[in-house]
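All remarks here apply to the structure that follows.
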Amino acid sequence: MIRFTDSPFEAMMTRRPEGGRAISRPPSLSPDHSCYGCGNYGKPCVGICHREMADGSRKGEKSMDQYKVVIAEKPSVAQSLAAVIGADARKDGYLEGNGWRVSWCVGHLAGLADADSYDPKYAKWRYDDLPILPADWQMVVGKDKKKQFDVLKKLMNAPDVTEVVNACDAGREGELIFRSVYELAGCNKPIKRLWISSMEDSAIREGFQNLRSGSEYDGLRDAALCRAKADWLVGINATRLFSVLYHRTLNIGRVMSPTLALIVQREAEIDAFKPVPFYTVILELPGFSAAGERMSEKSAAEQLMAACKGATATVKKVERKEKSEKPPALYDLTTLQRDANRLLGFTAQQTLDYLQSLYEKKLCTYPRTDSRYLTSDMAESLPVLVNITAKVMLFRKGIGITCNPQAVINDKKVTDHHAVIPTRNIRDADLSALPGGEKAVLELVSARLLCAVAEPYRYAETFVAVECADTEFTVKGRTVKHPGWRNLDAAYHASLKNAPEPEEGTEEKALPELSEGQSLPVSNASVREGKTSPPKHFTEDTLLSAMETAGKEDMPEDAERKGLGTPATRAGILEKLVSAGFLERKKSKKVVQLLPSHDAVSLITVLPEQLQSPLLTAEWEYRLGEIERGELSPEEFLDGISTMLKELVQTYQVIKGTERLFSPPREVVGKCPRCGGDVAESQKGFFCQSEVCKFAIWKNNKWWAAKRKQPTKIVVAALLKDGRARLTGCYSEKTGKTYDATVILEDDGQYANFKLEFEQRKGGK
């Protein structure tokens, strides 16, 4: 519709009639409500407050529409938010309507700049330039994301925008994603924070009704930025230091390296393990078997067996205890990833991706949580959610459902987000249409909810000790009184196609009625031979557990974040280790093991303690939590890391005898013009193998790149032998044609330089 004026009254006059729809009486308002006392309350405001409009007309002012900008992390999330708040008009890079403009970041739009942004000389990896410690940190926008950044910059700084709402994921990373864009765009508009744990319409609506001040999350931003800077400092400096010293690319990370150290240490324990045989005498008695203690000598066990055969055993002790087992707690991200790996075979990253998708589809709550409990305000609505979940989960058919909210409610154990649970939207969703991985994760989350609020598992445990041939034999039995949550858990496991087999010795059978002093005939006696078992190879399940508890014993009891990394980052760390070639997934029977590569073992061998210590890194994670709470300044944290890196560069000495540690011996292409040592080829160039010499011919070199050539093994061999080599097909940037020439090596003791020499034509031309 074409309007002829900017008057809000024209907008009201041209509004489409409501068709006689009855309007219910407006609810009474408290005096502090923004609409209190307005005679038009209950009527549509048509994008502007009636009172503001009237006031503007009285003053003879021309009113201008005002907007609030909402920035989400992904386009899909932005669309969900926009649908709820009424921003349904599509624009270039955003949605608009009802006083809102909603846009998105597409993940990390801005990040910390590379080292060469601070000084071009850092483009080359040189020992003398270390450590690289930026005084003024720079943020840059990726080339592929500049278009969307420009959209956000224009939106945030528009004159008709009054405030900006951070609607990125409610966590450290989400806070950093938004703040980086906000600050790089030079925006100074007031910030509000949307903090929600679910993408349900009701949760979104409630979140917008209770927007918080952005300043409340300054600590979260500081912690996230410190984490990014710490990773940059350790990654850039340690990677360059060890790559230069050992003449090959060695990727080192603040969390990645200690995690790798855990795996390498475990493999060392397995390799060093020597099995010790042991022997156990088993008595066959009426209705049950009893076992003696382990014996180290086979002959002694055989003597005991012979003495017990045909003998009579006497019942010395019968103890009966009523016991109960509480339901398991709800899932946080890490425990969910562990169970999804153990039960479903998913990697940690796959589980996170599936859960993120379920969150965006409004079927699960926020994924990156470290809490396993719910808040007290959720207690009243929980039974409804449990009933909805029970109805759509086919595995629980025929099993009664109970709901004890208090088993999962604990305000003190909920920090930023509550545990992962399904949402009410699963009632109307077509779960069969979900991708297989998403459906499996949703069923796992739902099963855990049903188990967590169910009744405890109750049983009677009987301990019996009998004596035969002056030796004690024992046995435990169990009688189930009430299956409780284990009934649901067993039904879920039965629904899985490839459920893992239960561990040996986990099941205890019921024992016959026995009384002390009773005599029992021994029908048979035997010797069971066994061996002590080595530690098990890590799986993603057990490694995630080890990462979570690393350094726990030495951390304060009240530490909110312990261990290596956070629930949100651990999956990414494992994938980086795999992609870097340090970690290999190897299937053994039904289990996928995580095994270190040869280079991983070599790397941990040469790394100093501070870079592979789980304790140190766990302490850093704790310090980040202190920054988040305002208990520690970012400067103090980063100064500590800078000091460590300075000391590392100054004091670290190449470990002797490690020349051939990382890979098979490299082919020597010639002698070093500086020291006479061997020059060998590696991935990035040709390097002198001497520990103290820094001679290098880099493959990625601007001089060679300008001629569209790269130093080859043959060319470098000629340069090292004769100081010159023939080049054909060199590209001329000036003419666009190719030419032949001779390249001359001129080494000044610091850099390997090159120049061209051309043959003189006949006649001296």
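Every read-out reported here was derived from the displayed coordinates using simple, explicitly stated rules and does not represent laboratory data. Note that the structure is predicted; figures quoted are calculated from it, not measured. Reconstructed Cβ throughout: ideal geometry from the backbone, glycine too, with neighbour counts over all protein chains shown.
Between Glu183 and Glu631, the FRET efficiency from the beta-carbon distance, with R0 = 22 Å, is close to 0.40.
Placing +1 on each Lys and Arg Cβ and -1 on each Asp and Glu Cβ, with no other charges, gives the chain a dipole about its Cα centre of roughly 2940 debye.
Modelled spin-label separation between Arg478 and Thr402, with each label point placed 7 Å from Cα along the Cα-to-Cβ direction: 1.8 nm. Compared with the alpha-carbon gap, the fully stretched path from Glu575 to Phe758 is longer by 60.8 nm at 0.36 nm per residue.
Compare the Cα positions of Leu152, Ala490, Thr728 along the charge dipole of the chain (+1 at Cβ of Lys, Arg; -1 at Cβ of Asp, Glu; about the Cα centre) and return the one farthest towards the positive end. Selected residue: Thr728. At a Förster radius of 30 Å, what calculated FRET efficiency corresponds to the Cβ-Cβ distance of Asp119 and Leu595, to the nearest 0.05? For R0 = 30 Å, the calculated efficiency reads 0.15.
The 3J(HN,Hα) values that the Karplus relation (6.51, -1.76, 1.60; θ = phi - 60°) gives for the range 97-106 are, in residue order, x, 6, x, 10, 10, 10, 9, 8, 9, 6 Hz. Gly and Pro appear as x.
Per-residue extension of 0.36 nm, minus the Cα-Cα distance of Gln683 and Lys274, leaves a gain of 143.3 nm for this segment. For the range 450-466, backbone phi angles converted through the Karplus equation (6.51, -1.76, 1.60; θ = phi - 60°) give residue-by-residue couplings of 4, 5, 5, 9, 7, 6, x, 7, 10, 8, 10, 9, 10, 10, 10, 10, 10 Hz, Gly and Pro being listed as x. Treating each Cα of the chain as an identical point scatterer and ignoring solvent, apply the Debye formula and state log10 I(q)/I(0) at q = 0.06 Å⁻¹. Reported log10 I(q)/I(0), two decimals: -0.58. Close amide-amide hydrogen proximity is noted between Ser690 and Asp678, each under 5 Å apart and 5 or more residues distant or on a separate chain (H modeled in the peptide plane; Pro and chain starts excluded). Between Thr735 and Ala158, the modelled label-to-label distance comes to 5.6 nm, taking each label 7 Å out from Cα in the direction of the beta carbon. The length gained on full extension between Glu293 and Glu513, counted as 0.36 nm times the residue separation minus their Cα-Cα distance, comes to 76.8 nm.
Here each label is just a point 7 Å from Cα along the line to Cβ, and for Lys74 and Thr312 those points are 7.4 nm apart. Exceedance of the 25 Å cut-off in Cα-Cα distance is limited, within the set Lys274/Lys586; Lys124/Lys147; Lys147/Lys361; Lys391/Lys497; Lys413/Lys476, to Lys124/Lys147; Lys147/Lys361; Lys413/Lys476. Each DSSP beta bridge with both residues in the chain is either parallel or antiparallel, and the antiparallel ones are about 85%. Using C-alpha pairs below 8 Å separated by at least 6 residues, the relative contact order for the range 76-212 is 21 percent. Put in line by how crowded their Cβ is, counting other Cβ atoms within 10 Å and starting with the fewest, Trp137, Trp620, Trp125 read Trp137, Trp125, Trp620.
With a Förster radius of 45 Å applied to the C-beta separation of Thr375 and Asp430, the computed FRET efficiency comes to 0.90.
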